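Here the structure is laid out as structure tokens; the discussion comes afterwards.
The values are calculated or read from the model by the stated rules, or taken from the named source; none is laboratory data. Small disclaimer: the values here were computed from a predicted structure and weren't measured. Please note: Cβ atoms are built from the backbone with ideal geometry, for glycine as well, and neighbour counts cover all protein chains shown. SASA here: full protein model, heavy atoms, side chains in, ligands and nucleic acids out. Shrake-Rupley method; radii C 1.70, N 1.55, O 1.52, S 1.80 Å.
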Amino acid sequence: MVNEASKIISVYAADTSGVCSALYELGGMCVIHDSSGCNSSYTTHDEPRWYDVPSLIYISGLEEYDAVLGNDEKFIKDCVETALIQKPKFIAICASPIPFMLGMDLKAMARIIEDRSKIPTLCVETNGMHSYISGASIALLEWAKRFVEDKSETINNSINILGCIPLDFPNMEMVESMVKNLEKGGINVNSVWAMGDSIGNMSKASSCSANLVVSSSGLEVAKYMEEKFNIPYIVGCPFGEELTNEIITLLKAKKTSKIERINYGGKIAIIGEAIYSTSLAKAINKDCTIFSLLSDSSSLLINGDKLVLGEEDLENCLKDYSVVIGDGIFKNLVDESKTKFINLPHYAFSGRLYKNQFPNLIGAFGDNWIKKNID
């Protein structure tokens, strides 16, 4: 039996945090149905933009009597009254474990809120028990279903970058480098989902010839756009110049694909989100094994990689590797007398702990990082 409890390492941001992060810059009002005082977990702890960029993120202040007696009207009334004052472009409601366990009907409440406020209302069905990937995926998907315009034309070599949220990419310099490197290769970036861009560009996503999925949070909306608008998607992040050129070639080919790599069981371990880690492994160009504690992205792992279910399982696995790359908190599971540990911070895991140490891995920056730390 695997022990899934953790006594040393952290846990990943919850699905509710993923909702807030994905929709943060889109002009909406996010309301989390949860107890009073919990808002700081979703904002100050899990959102690097909170102190610099304004956004409407609220918590319902769910009380015991409201929960036990099923006082849904209070939540609905508060949402409508606040929305009529703030006038957001849309409302998004999501839930913590308490409403989920009590069986509150969020979809019905969303319909009532939209009917009373006349403001589009998204129901993002979370329960606080999954990772940020789940919440962000559903949030971006629901936004796309409501606000992406029907396809009128296809602009050749034009793409959307899907899955850019600060929980995976807290360094805006990295996102800007991504756009710059792709455009240098003849790819026009129409929109970045969802940071540093406008909802006007995002609403015209259907006109693009391909989508680039750079994290697991963007995969579901990519699948939706492929089915709805016949837009193919490439899965991978342009780390290092060689991989960047490969991705540009795949985007121009306009055929759904993902970065191919083979794991022969080398002595380098990478811990983290699957697309980010896979792209780094490809850029390193050595045999790497990916370990992930995120079941939401486990389908992207290949043979030889491993979804680990607990701290002890991961600690035992890492004993076999001479190099471990991961968030600095994982250093506590490594015997540094035998294993070289390389800190690669992940905001969704350690928050602000390493806020000044997030590297830019795009294009030549990635090659320089690899040369300095691994070669």
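Taking region 192-205 as the range and being of a type outside the set (A, V, I, L, M), touching a strand residue (DSSP E or B) at 6+ places or on another chain (Cβ under 9 Å) and touching a residue at least 24 places away in the same chain (Cβ under 8 Å) as the test, the residues that pass are 193, 197, 203, 204. Among residues of region 266-280 that are closer than 12 Å to residue 214 by Cβ and aliphatic (A, V, I, L, M), those with a beta-carbon under 6 Å from a residue that is open to solvent by 20 Å² or more (accessible area, probe 1.4 Å) and outside any helix (DSSP H, G or I) at least six positions away or on a different chain give the pairs 274/301.
From 12, 51, which residue is out of contact with any strand residue (DSSP E or B) (no Cβ under 8 Å at 6 or more places or on another chain) and in a loop (DSSP other than H, G, I, E, B)? Walk me through it before giving the result.
Values: 12 fails: out of contact with any strand residue (DSSP E or B) (no Cβ under 8 Å at 6 or more places or on another chain).
Result: 51 is the single residue among 12, 51 that is out of contact with any strand residue (DSSP E or B) (no Cβ under 8 Å at 6 or more places or on another chain) and in a loop (DSSP other than H, G, I, E, B).
Against the numbered list (1) open to solvent by 10 Å² or more (accessible area, probe 1.4 Å); (2) modelled with pLDDT of 95 or more, residue 238 comes up short only at (1). Entry remark, region 142-191: residues being without any contact (Cβ under 8 Å) to a residue 40 or more places away in the chain, assigned to a strand (DSSP E or B) and open to solvent by 10 Å² or more (accessible area, probe 1.4 Å) number 3 in total. The set of residues from region 324-349 being in a strand (DSSP E or B), in contact with a Lys or Arg (Cβ under 8 Å, 6 or more places away or on another chain) and over 19 Å from residue 274 (Cβ atoms) comprises 341, 343. Looking at 314, 309, just one residue is assigned to a loop (DSSP other than H, G, I, E, B) and under 26 Å from residue 133 (Cα atoms), and that residue is 309.
Of note, residue 27 does not satisfy the criterion of being modelled with pLDDT under 85, at positive phi and part of a loop (DSSP other than H, G, I, E, B). One residue stands out among those in region 281-299 that are in contact with a Leu (Cβ under 8 Å, 6 or more places away or on another chain) and open to solvent by 10 Å² or more (accessible area, probe 1.4 Å): the one that is modelled with the lowest pLDDT, which is 298.
Considering region 1-24, the residues that are open to solvent by 10 Å² or more (accessible area, probe 1.4 Å) and at pLDDT 85 or above include one that is farthest from residue 218 (Cα to Cα), namely 8. Is it true that some residue in region 266-286 is outside any helix (DSSP H, G or I), in contact with a Ser or Thr (Cβ under 8 Å, 6 or more places away or on another chain) and of a type in the set (D, E, K, R)? Looking through region 266-286, at least one residue is outside any helix (DSSP H, G or I), in contact with a Ser or Thr (Cβ under 8 Å, 6 or more places away or on another chain) and of a type in the set (D, E, K, R). A single entry from 362, 329 fulfils the requirement of being open to solvent by less than 50 Å² (accessible area, probe 1.4 Å) and farther than 22 Å from residue 257 by Cβ: 329. Residue count for region 221-272, restricted to those that are over 20 Å from residue 193 (Cβ atoms) and among the hydroxyl-bearing types (Ser, Thr, Tyr): 2. Note on region 80-133: residues that are assigned to a helix (DSSP H, G or I) and not β-branched (Val, Ile, Thr) total 20. Against the test of being surrounded by fewer than 16 Cβ atoms within 10 Å (Cβ to Cβ) and over 25 Å from the mean Cα position of the chain (by Cα), the options 355, 340 yield a single qualifying residue, 340.
Looking at region 64-74, is at least one residue open to solvent by less than 30 Å² (accessible area, probe 1.4 Å), more than 24 Å from residue 201 (Cα to Cα) and in contact (Cβ under 8 Å) with a residue 40 or more places away in the chain? No, region 64-74 contains no residue that is open to solvent by less than 30 Å² (accessible area, probe 1.4 Å), more than 24 Å from residue 201 (Cα to Cα) and in contact (Cβ under 8 Å) with a residue 40 or more places away in the chain. Of the residues 113, 133, the single one that is open to solvent by less than 40 Å² (accessible area, probe 1.4 Å), free of Cβ contacts under 8 Å to residues at least 60 places away in the same chain and in contact with a Ser or Thr (Cβ under 8 Å, 6 or more places away or on another chain) is 113.
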